[in-house]
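These notes concern the structure reproduced below.
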Amino acid sequence: MSVRVLALCGGIGGAKLALGLSRILPPDELAIVVNTGDDFEHLGLSISPDVDTVVYTLAGINNTELGWGLAGETWAFMDQLAKLGGEDWFRLGDCDLALHVERTRRLQAGESLTAITADVKHRLGVGPAILPMSDDPVRTIVETDEGVLPFQRYFVGRRAEPKVRALRYEGADRARPNSQVMAALEDPALEAVILCPSNPWLSVAPLLAMPQLAAALRATQAPVIAVSPIVGGQALKGPTAKLMLELGLPASAVSVARYYAGLIDGFVLDTVDAHLAGALQDDRIALDVLPTVMTDLATRKALARGVLAFAKRLRAQPERS
């Protein structure tokens, strides 16, 4: 695979920018690398929430009201499961359930998550490659004031309410990164690596916790650009700001940029946070200021174009040649 742009993302926020990129780049020039630290086994099924969110979003069949799952979903299975006393804290829609059943069957038959995802996205009419970060299990574990919780128990079961004390990514130290991702990072044709505005600690950190992948990101000749998921001190989606405060970090785009320091070449601030640029002048990170709030397809595409233009300017800098 030879791609021009590699986008790293988690679920909803990252999928928005991934969609914008997919609408302005030819399919074979874009690959989207997706967090699998959220994956878990539930009701005997293998669930890949972030992978599915990206696939559904790019296929144009995602549930925009809920932010996850399929549009027009029905819930007869969950209703019946609840009547039978089953675990209904993690909602699986009737149509969404089909993907989990088929994925589980194929995994048990020996297929890789990468191969299954490639087939599913093709069947749903998605052009760009969608690559799970690894075919080996990595599991995000949340240490909270209520004890240690697997990610989905914390995020969905407890609605991210417990106070977070620490995070760890079990299996990341021995997980093998997706071989297609590693090949793309080593390809001189690669023009940009984009860290989408996903939660850095919950959606991007599991990727960076794999030593080989982190080293490859630092070594790539393509500019690595992160888009802030924090605007005006608030997260547009999810518990990012709450989590930052609980980890002892100011809920600011500056904190995000410094978290990625040593990995990224460029950082995108929202226009609301343009005044923060001065705080990052000494951090050796190139900055751009763009409207990052994506409310529709037009704003998703506009941000994608802006980020790609930023990457082009970084490639043209003499010190990168």
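All of the numbers you see were taken from the coordinates with simple rules; none came from a lab. Here the structure is a predicted model, which is why all the values come from computation and not from measurement. Neighbour counts are summed over all protein chains in view; Cβ atoms, including those assigned to glycine, are modelled from backbone coordinates with ideal geometry.
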Revision key, fill the gap. Diffing the range 258-268: the Karplus 3J(HN,Hα) column from phi (6.51, -1.76, 1.60, θ = phi - 60°), in whole Hz with x for Gly and Pro, holds 6, 4, 8, 4, x, 10, 9, 9, x, 9, 9
Exercise for review: Quote the relative contact order of the range 20-177 in percent (integer), defining contacts as alpha-carbon pairs under 8 Å separated by 6+ residues.
Suggested key: 26 percent
Review point. Looking at the range 33-104, which GluC sites (Glu not before Pro) are in a loop (DSSP not H, G, I, E or B) and have at most 15 other Cβ atoms within 10 Å?
Key: Glu65, Glu87
Revision key, fill the gap. Expressed as a whole-number percentage, the relative contact order of the chain with C-alpha contacts under 8 angstrom and at least six residues apart is 20 percent
Study note, to complete from the structure: For Ile225, the net charge from surrounding residues (Cβ-Cβ under 12 Å; K, R +1; D, E -1) works out to 0
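Just from its helices, what would the mean residue ellipticity at 222 nm be for the chain, if runs of 4 or more DSSP H residues each count -39500 (n - 2.57) and the sum is divided by every residue, rounded to the nearest 500 deg cm²/dmol?
Helices in the chain give a 222 nm mean residue ellipticity of -10500 deg cm²/dmol.
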Review point. What is the calculated FRET efficiency for Gln317 to Ala71, with r their C-beta to C-beta distance and R₀ = 45 Å, to the nearest 0.05?
Key: 0.55
**Study point:** Spin-label zone in the range 201-226 - amide nitrogen under 14 Å from a point set 7 Å from the Cα of Lys237 along the C-beta vector
**Key:** 203-204
Check your understanding: What residue among Leu280, Leu243, Leu84 has the largest mean-square fluctuation in a Gaussian network model of the chain, using Cα springs under 10 Å?
Key -> Leu84
Study note, to complete from the structure: In the chain the cysteines whose Cβ sits 4.7 Å or more from every other Cys Cβ are Cys95
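Given axes a ≥ b ≥ c from the Cα gyration tensor, I'd like to know whether the range 129-278 is rounded (a/c under 1.5), prolate (a/b larger than b/c) or oblate. Don't skip to the end; give the middle numbers.
On the way: a/c = 2.24, a/b = 1.14, b/c = 1.96.
Here the range 129-278 falls in the oblate category.
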Practice item. Sort Lys301, Lys312, Lys16, Lys237 so the one with the fewest other Cβ atoms within 10 Å of its own Cβ comes first. Key: Lys312, Lys237, Lys301, Lys16
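Would you mind checking Lys121/Lys312; Lys163/Lys242; Lys16/Lys301; Lys237/Lys312 for any pair whose Cα atoms are more than 19 angstrom apart?
Lys121/Lys312; Lys237/Lys312
Treat the count of other C-beta atoms within 10 Å as a stand-in for reagent exposure and order Phe155, Phe77, Phe310 from fewest to most.
Phe77, Phe155, Phe310
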Practice item. Among Ala241, Ala309, Ala172, determine the one that fluctuates most according to a GNM of the chain built with springs between C-alpha atoms less than 10 Å apart. Key: Ala309
Check your understanding: Which Cα, out of Ser134, Ser179, Thr104, lies furthest along the positive dipole direction of the range 102-204 (beta carbon charges, K/R +1, D/E -1)?
Key -> Thr104
Practice item. Kindly state, to the nearest 0.05, the FRET efficiency for Glu102 paired with Arg176, given R0 = 22 Å and r defined as their beta-carbon distance. Key: 0.35
Revision key, fill the gap. 1/(1 + (r/R0)^6) with r = Cβ-Cβ of Leu43 and Arg123, R0 = 35 Å, i.e. FRET efficiency to nearest 0.05, evaluates to 0.90
**Study point:** Interchain or long-range residues, amide H under 5 Å from Thr292's placed H
**Key:** Thr271
Revision key, fill the gap. Net charge near Ala253 (other residues with Cβ under 9 Å of its Cβ; Lys, Arg +1; Asp, Glu -1) is -2
Practice item. Calculate, in nm to one decimal, what Leu249 and Gln221 gain on full extension: separation in residues at 0.36 nm each, minus their alpha carbon distance. Key: 7.0 nm
Check your understanding: In the chain, which helices (entire DSSP H runs) extend 20 Å or more along their own long axis, judged by Cα positions, while averaging at least -1.0 on the Kyte-Doolittle scale?
Key -> 94-108, 297-316
Practice item. Please express the Cα-Cα pair-distance distribution P(r) of the chain as a list of whole percents, one per 10 Å bin, running from 0 to the bin with the greatest distance. Key: 6, 27, 37, 23, 6, 1, 0
Practice item. Can you grab the distance from the C-alpha centre of the range 91-123 to the C-alpha centre of the range 203-229, Å, no decimals? Key: 27 Å
Check your understanding: Got the relative contact order for the range 135-260 handy, in percent, Cα pairs under 8 Å and 6 or more residues apart?
Key -> 22 percent
